[in-house]
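Scroll down for the structure; my scribbles are underneath it.
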Amino acid sequence: MRPRPWQPTALTGPYEEDHQVPQTLDAAAVRDWCSRALEALGREREEIDAINVYPVADGDTGTNLYLTVESAAQAVEAVFAAHETGAIEPAPADAVRAMAHGALIGARGNSGTILAQLLRGMAERVSAGEGLAEALARAAELAREAVAHPVEGTILTVASAAAEAALREPEEAVRAGYEGARAALEATPGQLGVLGRAGVVDAGGRGLLTVLGALLATVTGEAPSAPVTSRTAAPVLIDPCASGGPVFEVIYLLEAPDTAVVKLRERLDALGDSLVVVGGDGLWNVHVHVDDAGAAVEAGVEAGRPYRIRITHFASSPAYDAAPVRERTQRAVVVVVPGEGLVELCAGAGAATVLARPGEPPASGELVDAIRRAHAREVVLLPNAAELRHTAGAAAEQARAEGVRVALIPTRAAVQGLAALAVHEPDRGFDEDVVAMTAAAGATRYAELIVAERQAWTSAGVCQAGDVLGLVDGDVAVIGADVARTAAAVLDRMLAAGGELVTLITGAAVPDGEELREHLDRHVRATHLAVDILHYPAGPGGPLLLLGVE
């Protein structure tokens, strides 16, 4: 099976031999924790969004936490990528600092900003070689310091409970911390009136428990017990603007000295509420809810250099944009493509594109930016990769919060995206168009050829380094010695189930690409009657070979 990004690392060595829970994290464990947390938040994002009633009922806490952890995971992956040519993995301090820095620069929303500070606190202690109990305690301490007016019954309460339980049982710090956090989360409706009236636990605390559950799974191999989400069958969500509170959420990164941030906190605290300022060493992430968004940004300008400024209106209107207003188009398609040649092809069909480079899948923020640039009331999103399902889902949710109607078609390969794009008709109804595109994508079976990097067991047997692997629907189906024969064998396997159209997408890395296309063309016409073939070059950065059968 093809490995996915941020593949969890198996725990081996003394963890298994001694049956002891490790009390600190090495670099591989930090990477594994990020991967597990991202995957878990991807699964639970919508559930967490649905119970988001505090501090503002804008239904995006799960999405914001996912985007924050996504940024942390990408920063850790970058550290590992920088060490790929060496024999030694990154130092634990490098990995954990990268995680904290990635969360800081990618933090979204109130809970995401607090989570970034929690991770910063843990990074301080882990990078110093201290245990996880001390790391959880420092995390809870820093998070409270970052919030202008801490409120109980929130993510801060859950973090403090985790730290207190871990310090009581330092030999079982992560397990004790998780259970302490779980108990504290279940008690939040009795601590905060708005949660009790809505019949839900705190959404930020629920997301933190998911992150702690991923840490538990990393260091012990145990699956975390399921938390309680709500006390009622149907949570009663509140209009985010009905309370009369501030109507704008302002977030920005800020380069400023520590001394300037003290004054900034005072000024922003006077302007609004839900103030959280996290970071240090000259780089800060600022989050505040205000009525005067301009004044909040001006305060940042006086303190230092604010950038990546995001201003969101809680009434679900589109995000603030200082660019000249232009009329929105009715509908657009945003498609992720694995190769520069496909950018041209899809753009020619009227789609906005996001380029996925080898080993660098696009982040949710890139997809959201592409949706915004499309400037359409309705958007069809084609991720074209199974591993982008959660990322695309988070992007779609963010765009919906900004007033865009988004349909996510879960295409798993570029050939499925091309099939969907081929039947796209912007003049028909949105739902009808989405149904037709989904049906076209679903009717397209897909395969890919890759080169094995090392010996491994696969679903088709043992492969050696340098073998050509034919993956059908994500699983290894054919192991061959060269591209042409392997591709022909894969096509025979796919066409055995029927098909009328074959799509071939060849990358620039294919030797003698034109000769390969002619070989496959002759093979299909000689062995399969009434089958048409389409050829597209993926161009630089594209895959070795993609195949589709409709």
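The values are calculated or read from the model by the stated rules, or taken from the named source; none is laboratory data. Everything quoted here is computed from the prediction, not taken from an experiment. Methodologically, a virtual Cβ is constructed for each residue, glycine included, from the backbone with ideal geometry; neighbour enumeration extends over all protein chains shown.
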- prompt: Given the residues Ala75, Ala103, Ala116, Ala123, which is the only one that is touching a strand residue (DSSP E or B) at 6+ places or on another chain (Cβ under 8 Å) and closer than 16 Å to Asn285 by Cβ?
  reply: Ala116
- line: Glu500 fails exactly one of (1) surrounded by fewer than 21 Cβ atoms within 10 Å (Cβ to Cβ); (2) assigned by TED's automatic domain parsing to the domain that holds Pro361; (3) in contact (Cβ under 8 Å) with a residue 24 or more places away in the chain, namely (2)
statement: Considering residues that are under 30 Å from Val404 (Cβ atoms) and touching a residue at least 60 places away in the same chain (Cβ under 8 Å), the number found within region 438-473 is 4
- line: Among (1) assigned to a helix (DSSP H, G or I); (2) surrounded by fewer than 24 Cβ atoms within 10 Å (Cβ to Cβ); (3) in contact (Cβ under 8 Å) with a residue 60 or more places away in the chain, Tyr66 falls short only on (2)
task: Taking the residues in region 393-407 that are part of a helix (DSSP H, G or I) and in contact (Cβ under 8 Å) with a residue 40 or more places away in the chain as candidates, determine which candidate is farthest from the chain's Cα centre (by Cα).
output: Ala401
message: Quick check on my filter: what residues within region 435-488 are at positive phi and either among the basic types (Lys, Arg) or outside any strand (DSSP E or B) (or both)?
response: Gly466, Asp473, Gly474
task: Out of the residues in region 246-282 that are out of contact with any helix residue (DSSP H, G or I) (no Cβ under 8 Å at 6 or more places or on another chain) and assigned to a strand (DSSP E or B), state the one that is modelled with the highest pLDDT.
output: Glu255
- prompt: Name the residues in region 36-63 that are in a helix (DSSP H, G or I) and either in contact with a Cys (Cβ under 7 Å, 6 or more places away or on another chain) or hydrophobic (A, V, I, L, M, F, W, C) (or both), would you?
  reply: Ala37, Leu38, Ala40, Leu41, Ile48, Ala50
task: Among the residues of region 352-362, write down those that are surrounded by 22 or more Cβ atoms within 10 Å (Cβ to Cβ) and modelled with pLDDT of 85 or more.
output: Val354
- request: Would you please name the residue that is farthest from Glu550 (Cα to Cα), looking only at residues in region 458-474 that are surrounded by 13 or more Cβ atoms within 10 Å (Cβ to Cβ) and of a type outside the set (Val, Ile, Thr)?
  value: Cys463
query: Listed residues Glu366, Glu378, Glu397; which is at pLDDT 90 or above, outside the structural domain of Asn52 (by TED's automatic domain parsing) and within 29 Å of Leu38 (Cα to Cα)?
result: Glu378
query: What tally of residues in region 344-359 results from selecting those that are of a type outside the set (A, V, I, L, M), over 15 Å from Leu418 (Cβ atoms) and assigned to a strand (DSSP E or B)?
result: 1
- request: Taking the options Pro362, Pro410, name whichever one is closer than 30 Å to Ala73 by Cβ, touching a Lys or Arg at 6+ places or on another chain (Cβ under 7 Å) and either in a loop (DSSP other than H, G, I, E, B) or not charged (D, E, K, R) (or both).
  value: Pro410
- line: Among the residues of region 129-178, the number that are among the charged types (D, E, K, R), under 29 Å from Arg197 (Cα atoms) and in contact (Cβ under 8 Å) with a residue 40 or more places away in the chain is 1
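Conditions tested, residue by residue: (1) closer than 25 Å to Ala146 by Cβ; (2) assigned to a strand (DSSP E or B); (3) at pLDDT below 90.
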residue	(1), (2), (3)
Gly294	yes, no, yes
Pro306	yes, yes, yes
Ile311	yes, yes, yes
Ser316	no, no, yes
Ala319	yes, no, yes
Pro324	no, no, yes
Gln330	no, yes, yes
Val335	no, yes, no
Leu342	no, no, yes
field: Boolean, Glu514 is within 25 Å of Leu355 (Cα to Cα) and surrounded by fewer than 16 Cβ atoms within 10 Å (Cβ to Cβ)
entry: yes
- prompt: Hey, any hits in region 373-384 for a residue that's on the phi > 0 side of the Ramachandran plot and of a type outside the set (Gly, Ala, Ser)?
  reply: yes
query: Can we say Pro55 is closer than 27 Å to Leu388 by Cβ, modelled with pLDDT under 90 and more than 20 Å from the chain's Cα centre (by Cα)?
result: no
Members of region 422-434 found to be in a helix (DSSP H, G or I) and surrounded by 11 or more Cβ atoms within 10 Å (Cβ to Cβ), listed by number: Ala422, Phe430, Asp433, Val434
query: Within the group Val201, Val228, which residue is at pLDDT below 80, β-branched (Val, Ile, Thr) and touching a helix residue (DSSP H, G or I) at 6+ places or on another chain (Cβ under 7 Å)?
result: Val228
